[in-house]
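Working notes, structure below.
The values are calculated or read from the model by the stated rules, or taken from the named source; none is laboratory data. The shown structure was predicted, so the numbers you read here are calculated from the model rather than taken from an experiment. Methodologically, a virtual Cβ is constructed for each residue, glycine included, from the backbone with ideal geometry; neighbour enumeration extends over all protein chains shown.
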Amino acid sequence: MDIDRPKTMAQGVIVQTVDPQEVYQVILDASSQDPSRVQSSSKRLKQMFDMLGTFDALQGIAVQRTLPTPVRQQAIIQFKNGALGHWRSRKVLSDDHRVKIRERALSLFDEGDDTISECNEVIVSKIARLDFPNNWSNLFNNLFDTIEPRLSNRYSAGYDNEKDALVLRRSFGILNAIVKEFASMKMLNGVKVMTSIVSSFRDRLYGYYSTLASKLSSSLNAQTILAERLHQDIIIIHLLYKALIKIAIWSWQRLDKYSKEEAAAAQAWQGQFFTFSSSFLQTIFQLRKDIVLALNMEGHVSLAYKPLEVLTNHVRTYGKYFRRLGQLDVSRFVELPRCGELVLYYWQQVVDATGGDTQLVRDTWEVVYPTRFLVQGMVLFKDSLGQWAPKRRDGTDSPKTLSKEFVQNAAQLLVTRFMPLNSMDLESWMADPEEWLNVEDKENDQWEFEIRPCSERVLLQLTNHYSDYIVPLLSEVFKQSAVTLAFDLSSVIQKEAVYCALGRCVHRLKAEIPFDQWLQHTLAVEANESANPSYPILKRRIAWLIGQWVSEECASPNNPLIWDVLVHLLKDRSLSTDTVVRLTAATAIRDCMDTIEFSISYFLPHLATTISELVNLIGETETFESKRRVDNTLNVVIERTGEQVSPFVPMIVEPLPQLWTSAGDDWLFKGSLLVTVTKLIEAIKDQSITLGAVVVPLVRESLAPNAIIHLDEDGLNLWLSALRNTTTITSVNGAPALSELIPEALGLLANNLDLFGTTINIVESYILLDASGLTQAYGGPFFEAYGCAIKSDGMLLNMKDLVGLMQLYVQLAPPSSWAPLLHSSELFAWLLDKTADDETNTVLMTEYIYLFSRIALADPQVFLQLISAAAVQLNKKESYLLEGLLDHWWGKFDNMSEPRHRKLAAMGIASFLSTGRKEVLDRLPTEIFNLWLDVFGEIKEAQSYNDTSAGGDNSPPPLKRYWDVDEAPSWFYQNTEGTPEYNRRKTVYDSDPVRTIQLNKFVHEKLQEAERNSSPGAFKAILDKADPIVLKQIQDEVFR
């Protein structure tokens, strides 16, 4: 290997130069059938990607026609995957390499292998993106110098040269890839290049296209389609047209950014190109229809597989172009020349397709009317209906509109021909009911690609624009269906389509159809049919129809008959039902319950049956997608019925472990089960203390290494809900206790920033439940985890909540339990150091002051001892730390916006002052007096004496706070309303010394303690330093 002559780069980095022979050997091994050779070559190739000359050697192998094709394919694939991301790297490519690579890439115009050519298209386009025009200025000249003489030979001189056809295919393929690459660029330089490409080549390419289209339309018939020349011609024009429409669509989006002259030229070209495309589509599709009919009649259609497949794809490309123009700007689209004729032509094909054999319409290349072509026509028709609406948006009459006869015929066509289930639908239903239903639901999201869901949307759009024509028609259809019983399969299928139409257009029909009467006299009767084997088709649609009317708020969910019908369909096991009906009924129940108007009283008689049947259905269904569908309904039932679900908790919980185990790696279903337990807890609240046997294992499972990435959110929500709704974290009836999960909570707090916010809430819930117990059992690990968390790089909001968590902990646990841990964990020292050195932002610094205030308020002597111990741990002077702390206590006071926080700071500094510490006393005449006066001036409070408080007990009278409201701010409760934790939080809030102790009396007491803890003479000397006016104000407040 030639590595003895290292290359020295300009930056001073020394890299190895690769040996081309070794590269060849590695690629040879990578192409072998020996797994060991493939594995070793893959490892070596990764190393060689960092060596100079590797990519040059790879492409050199790829362009050598004498080498085996698999070796060449492997070489160009590796080049494509590796070189393009390092194209500008001077470490692995020299300027000479780049020149040679660009030249070689344009030497593959006559490459016979499709894999090599497709990779080369990507390579050329990606390099062009980086190098054109500065380093590859002759790219397009080379392309067109290759294209034009071969076009002339083939289409002017009439030569049938296979190599010319191949070169044209490859050239237009590369051109299409280049245009696609530049059209995707958003930065200014890329836009400039694309602008230049459009202005330079659109007319030339359009000239090519019009010539090729004319030649193709004159030569294409049932005989010539079998010739290889026609096959190649179709491919060539298809590739050329793909490049052209990319230019047209890019330019279409930027018409408003052109100058006036450029815009006029661009619009003229757009109109010309659109008109020609529209005309040629109609020509080529008619030719295709004639060819397919002739070949099918002769039995030769299979012989034309390749050309017909390309021709079918080419026809659909026109539809994609028209559709994209409409998506980008429908108002300009409908103004294009002969646009209306084009849309109506497409619709006419839809009409014609309904007049013949059903075998003429399928999603394949060999039929007269490919499904996706018809869907394109439907979508274009739907999106363009606005141009023919009777009324404009401004309310004026439109000069162009569709006749009543046309509109009603279109609607009837949709309902009778395209909306009914076909034989393939029914076969799929029978073969795999659950999969069919799952696909059916997905088709509702993919309606632009499937004929039946698309026809439903077209009908809806027709109804929206022509309600005066469609609503009477559908009303008449409804009346006929209401009195006409369906017995055989064909009548059932047609009635199902009618019900689908009545559900889709519900908003327009709600005033015309008496839903309650319809439900009572028709739908309920049909839902109870028990012997007709075709009725699952109708029952499934009835369930969907009820859900549609109720969920769209066009029928009230508080009609008892609705629940009679849906629950019957859910539990029915007769011959005229199946799994699809039951699954659809489950979904309909969810849709009807999840409405604003829903009242539990009407549903309550069916609650037991519904829960039982839903649980059974989860067990019966085979796919986890179906199980999840039913479980989602169960979750809504639990949520909407609340505590009424309590008697059925065992029924719901019993199968959960087995369902969880059977789910394996189906994380979506497992997530749904976690939501089920969460909803159950939220419904039964404190009764959930008996669910430890389910909650604790599920939380642990959801946090397992292989599961946490999928289930973390649902698992933590379950955990938090369990804590907020319980009254104890100890074991109940011998079941696992919530306290057993504390180590997991501390692990997440210490190590997982992604789940930081929810984890803080979980730990806070544990503190609210049993702060002392937490300290006793997990004090050391708690402070260790907290230390890791507070020192992490978490989001500011989370860090603020984290400091608030410690404030709550200090407030609830006795100082004797947390003070030693604050010291031994060095957490207090870290917080004090951060504060004294001013090493955090204002928001967090303010929260630190609140925490210090809480500590001082709990026990000022403990606070002082912690400061002294921290000085030793930090090896800093105690006076330095004290002065820094006091500076911020006063300095951050203006950043405290809430009155209770300002009062907390005032009480905290008063408690600190009571220690008699000199550094604090020295600030009494100035900063502390000013701080107190600010708070005294803001808040007004007094002890409230009344008859009820003047009783015989010794409790102090309640404090009347004129500065505060009775309820805590909403953020304090953390969305716990209605849970036991809300009461715990309210108790903490109501018993907070800040809200129960009068500030002036508190300050009075602390001043007295400060005087006792210092020499009387020294204390008086400090007071003498105060401004007489300030001192008088303090005395008036404190000694009144």
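A few points about this structure:
- Residues satisfying the stated conditions in segment 129-176, i.e. of a type in the set (A, V, I, L, M) and under 18 Å from residue 199 (Cα atoms): 139, 143, 175
- Condition check for residue 819: touching an Asp or Glu at 6+ places or on another chain (Cβ under 8 Å), surrounded by 16 or more Cβ atoms within 10 Å (Cβ to Cβ) and modelled with pLDDT under 95: no
- Figure legend. Inter-residue proximity from segment 331-346: first residues closer than 18 Å to residue 399 by Cβ and touching a residue at least 24 places away in the same chain (Cβ under 8 Å), second residues outside any helix (DSSP H, G or I) and among the hydrophobic types (A, V, I, L, M, F, W, C), beta-carbon distance below 8 Å, spacing 6+ or different chains. Indicated pairs: 340/334.
- Residues in segment 483-536 that are in a helix (DSSP H, G or I) and among the β-branched types (Val, Ile, Thr): 483, 492, 493, 498, 506, 522, 525.
- Picking from residues in segment 21-36 that are part of a helix (DSSP H, G or I) and buried (at least 16 other Cβ atoms within 10 Å of the Cβ), the one that is farthest from the chain's Cα centre (by Cα) is 22.
- Filter result for residue 147 (modelled with pLDDT of 95 or more and touching a Leu at 6+ places or on another chain (Cβ under 8 Å)): yes
- Subset of segment 463-482 [of a type outside the set (Ser, Thr, Tyr) and touching a Cys at 6+ places or on another chain (Cβ under 9 Å)]: 464, 470, 471, 474
- In segment 644-715, counting only helices (runs of 4 or more DSSP H) that sit wholly within it, the ones holding 1 or more residues that are basic (Lys, Arg) and within 21 Å of residue 732 (Cα to Cα) span 667-684, 692-702.
- Filtered by the rule that a residue be touching a Gly at 6+ places or on another chain (Cβ under 8 Å) and under 13 Å from residue 744 (Cβ atoms), segment 708-721 gives a lone residue, 708.
- Filtering segment 332-349 to residues that are more than 30 Å from residue 366 (Cβ to Cβ) and buried (at least 21 other Cβ atoms within 10 Å of the Cβ) leaves 333, 339.
- Residue check, residue 756 hydrophobic (A, V, I, L, M, F, W, C) and modelled with pLDDT under 95: yes
This table checks each residue for (1) without any contact (Cβ under 8 Å) to a residue 12 or more places away in the chain; (2) under 17 Å from residue 288 (Cβ atoms); (3) not hydroxyl-bearing (Ser, Thr, Tyr).
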position: 359; (1), (2), (3): yes, yes, yes
position: 362; (1), (2), (3): yes, yes, yes
position: 366; (1), (2), (3): no, yes, yes
position: 371; (1), (2), (3): no, yes, no
position: 384; (1), (2), (3): no, no, no
position: 388; (1), (2), (3): no, no, yes
position: 396; (1), (2), (3): yes, no, no
position: 415; (1), (2), (3): no, no, yes
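- Residue among 448, 435, 440 that alone is within 33 Å of the chain's Cα centre (by Cα), buried (at least 19 other Cβ atoms within 10 Å of the Cβ) and not β-branched (Val, Ile, Thr): 440
- Verdict on residue 235 being touching a Pro at 6+ places or on another chain (Cβ under 9 Å) and closer than 19 Å to residue 121 by Cα: yes
- Residues being buried (at least 18 other Cβ atoms within 10 Å of the Cβ) and either assigned to a helix (DSSP H, G or I) or modelled with pLDDT under 95 (or both) are represented in segment 255-267 by at least one member.
- Matching option when the condition is on the phi < 0 side of the Ramachandran plot and either at pLDDT 95 or above or in contact with a helix residue (DSSP H, G or I) (Cβ under 7 Å, 6 or more places away or on another chain) (or both), among 59, 47: 59
- Filtered residue count, segment 350-368, keeping only those that are touching a strand residue (DSSP E or B) at 6+ places or on another chain (Cβ under 7 Å) and either part of a helix (DSSP H, G or I) or of a type in the set (Gly, Ala, Ser) (or both): 2
- Within the set 662, 646, the sole residue that is within 30 Å of the chain's Cα centre (by Cα) and among the small types (Gly, Ala, Ser) turns out to be 662.
- Only residues that are touching a helix residue (DSSP H, G or I) at 6+ places or on another chain (Cβ under 7 Å) and in a helix (DSSP H, G or I) were counted in segment 62-84, giving 14.
- Residue check, residue 245 under 36 Å from the mean Cα position of the chain (by Cα) and either modelled with pLDDT of 95 or more or over 25 Å from residue 327 (Cβ atoms) (or both): yes
- When 575, 607 are checked against the criterion of being surrounded by fewer than 18 Cβ atoms within 10 Å (Cβ to Cβ), more than 15 Å from residue 481 (Cβ to Cβ) and of a type in the set (A, V, I, L, M, F, W, C), 575 stands alone in meeting it.
- For segment 983-1040, residues that are under 30 Å from residue 725 (Cβ atoms) and part of a helix (DSSP H, G or I) total 12.
- The lone exception for residue 337 - which of (1) part of a helix (DSSP H, G or I); (2) closer than 20 Å to residue 382 by Cα; (3) not β-branched (Val, Ile, Thr) it fails: (1)
- Looking only at residues of segment 308-331 that are more than 16 Å from residue 245 (Cβ to Cβ) and at pLDDT below 95, we find that the one that is surrounded by the fewest Cβ atoms within 10 Å (Cβ to Cβ) is 331.
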